[in-house]
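Trainee: Pasting in a structure now, in structure tokens, and then I'll have a few things to ask.
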Amino acid sequence: MPDLIVHGGRPLSGRITPSANKNAVLPILSATLLTREPVTLRGVPDITDVRKILAVFRELGSRVEGELKDGVLRIHHEHTNFDPAVNKLPEEMRSSVMLVPPLLARFGSARIENDVQGCTLGVREIDPHVEVFEGFGAQVERGPGALIVHARRPLHAHRRWLDYASVTTTENFVLCAALADGESELTNAASEPHVQEFCEFMRRMGAKVEGCGTSRLTVTGVDELHGVDFTFVEDFHEVVTFLALGAITGGNVEVKNSAPQFFPLLDRSFAKMGVEVTHEGGWSRAFVPNGLKVREPFTRNMLQKIEAAPWPYFPVDLLPIFIALGVRAEGQMMFWNKVYDGALGWTSELSKFGAHAFQSDPHRVITFGGKKLVPAEVDSPYIIRVAIALLMLASSIEGKSTIYNGTPIRRAHPRFVENLVSLGANIEWVGADA
Ligand SMILES: CC(=O)N[C@H]1[C@@H](OP(=O)(O)OP(=O)(O)OC[C@H]2O[C@@H](n3ccc(=O)[nH]c3=O)[C@H](O)[C@@H]2O)O[C@H](CO)[C@@H](O)[C@@H]1O
Ligand SMILES: C=C(OP(=O)(O)O)C(=O)O
């Protein structure tokens, strides 16, 4: 696996136009399978998860025209065919499970591969998905290497109250309901910006979806969906990541951002560590006027904290980025991952930089920041934003650091290293497939 070599200590400054949000692009790519008409997508990122889905489309006989380097794809699932005994779906990516509803709608069968875990964040459940498919009338059974799903068409409308506001389960519910026979309703639906972007795409294809962005979705099934020309918006994860990279290196990065309405809690979370963020004229900027410093709470016997949970809480995928800032900011800060039970083990790696981070239980880490840090050789787990957090720290420390196994970054961020180099970073991929 390729590694990243970083010669850190340079302030990163300049302007960046972020790419689209992987977690919007992948359900939308799955949704294209629901129509036989051509779909044009603009701003598609050249990331490994997208390449895997496009490879499956081609294998199934769909036409994919255009180059990922230009970001414009024309996808036509007219002569598409699927046989669960022959065709495998992508592995090592969570979104693979969102190919199930359109395959059921088109062919009456689908697969859930054994490894659809994605980032290694702890247990990532499949049962909520299976229960949704069963609710719409599907049968699910274990086969060799995969769960096999069958259903009569059309799917039956379904009402469900989720245990938990799960992102991909919500998207799967909408994908099933769009062509089902009647009105379906989902309570405790997820409402992340990428879920809203996905719902908007479904509406543009002709799906009747109400309640986007709230915890209750109503979907009235239609007979067919049609083609659409759709442009992705900027990924809020990428906006935050580049702002944080500017802040941690003492630079000044401006990031294009046409959706600042999603940022109030993110801005306050930055402010807890001395980073001021502004949004003006479609651009976001981060300043560190008095150095990175944790703001002390007024409450006694309490630590300043960031609590990650389903939207509209602080987004769990961004926690590692803020842990990196916490390591740099003078003072103590608690980071609370309320979603995953195995997403914080990597923080022990931080001690190689000379940092002090204490994992108090599977869900909480406390950083004792502001210590003198040294360059280091660190291992990244298979977690996209952790590879980035390690890279952020390496970029902020003078000298040569190595991040082994940095490839998870390529699952979500196209041209990431090129973007950093354009901001003044000295960083390169090395090793096999660099
Ligand atoms: C492709 C994609 O969009 N991936 C995102 C999606 O993953 P994904 O949709 O897989 O995440 P979910 O929201 O389903 O699940 C997150 C966690 O909640 C737990 N859970 C889930 C359902 C349930 O009924 N009960 C329960 O306890 C799971 O065990 C899991 O640990 O949302 C996550 C949470 O924002 C993000 O980290 C991922 O980047
Ligand atoms: C955890 C992530 O993705 P996935 O669910 O695809 O592993 C992520 O995007 O940070």
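The values are calculated or read from the model by the stated rules, or taken from the named source; none is laboratory data. Since the structure is predicted, the reported quantities are computational estimates derived from the model, not experimental observations. Methodologically, a virtual Cβ is constructed for each residue, glycine included, from the backbone with ideal geometry; neighbour enumeration extends over all protein chains shown. The area values use the complete protein model at the heavy-atom level, side chains included, leaving out ligands, DNA and RNA. Shrake-Rupley method; radii C 1.70, N 1.55, O 1.52, S 1.80 Å.
Trainee: So which pairs qualify, if the first residue must be in region 165-189 and over 17 Å from E210 (Cβ atoms), the second must be open to solvent by 10 Å² or more (accessible area, probe 1.4 Å) and of a type in the set (S, T, Y), the Cβ gap must be under 6 Å, and the two must be at least 6 apart or on different chains?
Mentor: Filtered contacts from region 165-189: no entries.
Yes/no matrix, rows are residues, columns are (1) aromatic (F, W, Y); (2) touching a residue at least 12 places away in the same chain (Cβ under 8 Å):
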site: M302; (1), (2): no, no
site: P310; (1), (2): no, yes
site: V316; (1), (2): no, yes
site: P320; (1), (2): no, yes
site: G345; (1), (2): no, yes
site: P362; (1), (2): no, yes
site: V365; (1), (2): no, yes
site: F368; (1), (2): yes, yes
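Trainee: Follow-up question, since we're still on this one. K352: buried (at least 16 other Cβ atoms within 10 Å of the Cβ), out of contact with any Cys (no Cβ under 7 Å at 6 or more places or on another chain) and farther than 22 Å from G122 by Cα, yes or no?
Mentor: Yes; evaluated as a whole, the condition is true for this residue.
Trainee: Still on this structure: With respect to C199, is the statement that it is within 26 Å of G227 (Cβ to Cβ), without any contact (Cβ under 8 Å) to a residue 60 or more places away in the chain and surrounded by 20 or more Cβ atoms within 10 Å (Cβ to Cβ) true?
Mentor: In short, yes.
Trainee: Determine whether region 181-191 contains at least one residue that is assigned to a loop (DSSP other than H, G, I, E, B), open to solvent by less than 20 Å² (accessible area, probe 1.4 Å) and within 16 Å of ligand 2 (Cβ to nearest atom).
Mentor: Yes: one or more hits.
Trainee: Being open to solvent by 40 Å² or more (accessible area, probe 1.4 Å) and away from ligand 2 (no atom under 16 Å from the Cβ) is the filter here; which residues of region 117-144 pass it?
Mentor: Residues satisfying the conditions are D127, E131, E134, Q139, E141, R142, P144.
Trainee: State whether one or more residues within region 45-57 are away from ligand 1 (no atom under 16 Å from the Cβ) and open to solvent by 10 Å² or more (accessible area, probe 1.4 Å).
Mentor: Within region 45-57, one or more residues are away from ligand 1 (no atom under 16 Å from the Cβ) and open to solvent by 10 Å² or more (accessible area, probe 1.4 Å).
Trainee: Any residue at all in region 94-104 that's within 16 Å of ligand 2 (Cβ to nearest atom), in a loop (DSSP other than H, G, I, E, B) and open to solvent by 10 Å² or more (accessible area, probe 1.4 Å)?
Mentor: No - not one qualifying residue is present in region 94-104.
Trainee: Could I ask something else about it? Among the residues of region 396-418, how many are in a helix (DSSP H, G or I) and either open to solvent by less than 10 Å² (accessible area, probe 1.4 Å) or not hydroxyl-bearing (S, T, Y) (or both)?
Mentor: Total meeting the criteria: 7.
Trainee: Taking region 298-317, which residues are within 11 Å of ligand 1 (Cβ to nearest atom) and either farther than 17 Å from F335 by Cβ or open to solvent by 80 Å² or more (accessible area, probe 1.4 Å) (or both)?
Mentor: The answer is W311, Y313.
Trainee: Is it the case, given these coordinates, that T214 is of a type in the set (S, T, N, Q) and surrounded by 24 or more Cβ atoms within 10 Å (Cβ to Cβ)?
Mentor: Spelling it out, it is not the case that T214 is of a type in the set (S, T, N, Q) and surrounded by 24 or more Cβ atoms within 10 Å (Cβ to Cβ).
Trainee: Could you list, in sequence order, the residues of region 239-289 that are more than 19 Å from V327 (Cβ to Cβ), open to solvent by 50 Å² or more (accessible area, probe 1.4 Å) and in a loop (DSSP other than H, G, I, E, B)?
Mentor: S258, G281, P289
Trainee: What's the number of the condition P18 fails, among (1) of a type outside the set (D, E, K, R); (2) part of a helix (DSSP H, G or I); (3) open to solvent by 10 Å² or more (accessible area, probe 1.4 Å)?
Mentor: Here P18 clears every test but (2).
Trainee: Regarding region 71-92, can at least one residue be identified that is within 16 Å of ligand 1 (Cβ to nearest atom), open to solvent by less than 10 Å² (accessible area, probe 1.4 Å) and more than 14 Å from R58 (Cα to Cα)?
Mentor: no
Trainee: Counting only residues that are more than 16 Å from ligand 2 (Cβ to nearest atom) and among the β-branched types (V, I, T), which one in region 145-173 is surrounded by the fewest Cβ atoms within 10 Å (Cβ to Cβ)?
Mentor: Here the answer is I148.
Trainee: Follow-up. Of the conditions (1) within 16 Å of ligand 2 (Cβ to nearest atom); (2) in contact with a strand residue (DSSP E or B) (Cβ under 8 Å, 6 or more places away or on another chain); (3) not hydrophobic (A, V, I, L, M, F, W, C), H194 satisfies every one except a single condition; which number is it?
Mentor: Every condition holds for H194 apart from (2).
Rundown of residues vs (1) within 16 Å of ligand 1 (Cβ to nearest atom); (2) part of a helix (DSSP H, G or I); (3) open to solvent by less than 10 Å² (accessible area, probe 1.4 Å); (4) more than 22 Å from D49 (Cβ to Cβ), yes/no style:
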residue: G331; (1), (2), (3), (4): no, no, no, yes
residue: F335; (1), (2), (3), (4): yes, no, yes, yes
residue: S360; (1), (2), (3), (4): no, no, no, yes
residue: I388; (1), (2), (3), (4): yes, yes, yes, no
residue: A394; (1), (2), (3), (4): no, yes, yes, yes
residue: E428; (1), (2), (3), (4): no, no, no, yes
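Trainee: Further, regarding this structure: Give the residues of region 30-82 that are of a type in the set (A, V, I, L, M) and not in a helix (DSSP H, G or I), sorted by residue number.
Mentor: Once the filter is applied, which keeps residues that are of a type in the set (A, V, I, L, M) and not in a helix (DSSP H, G or I), region 30-82 yields L33, L34, V39, L41, V44, I47, L60, V64, L68, V72, L73, I75.
Trainee: Further question on the same structure: Which of (1) under 30 Å from G424 (Cβ atoms); (2) in a loop (DSSP other than H, G, I, E, B) is the odd one out, the single condition L225 does not satisfy?
Mentor: Just one mismatch for L225, condition (1).
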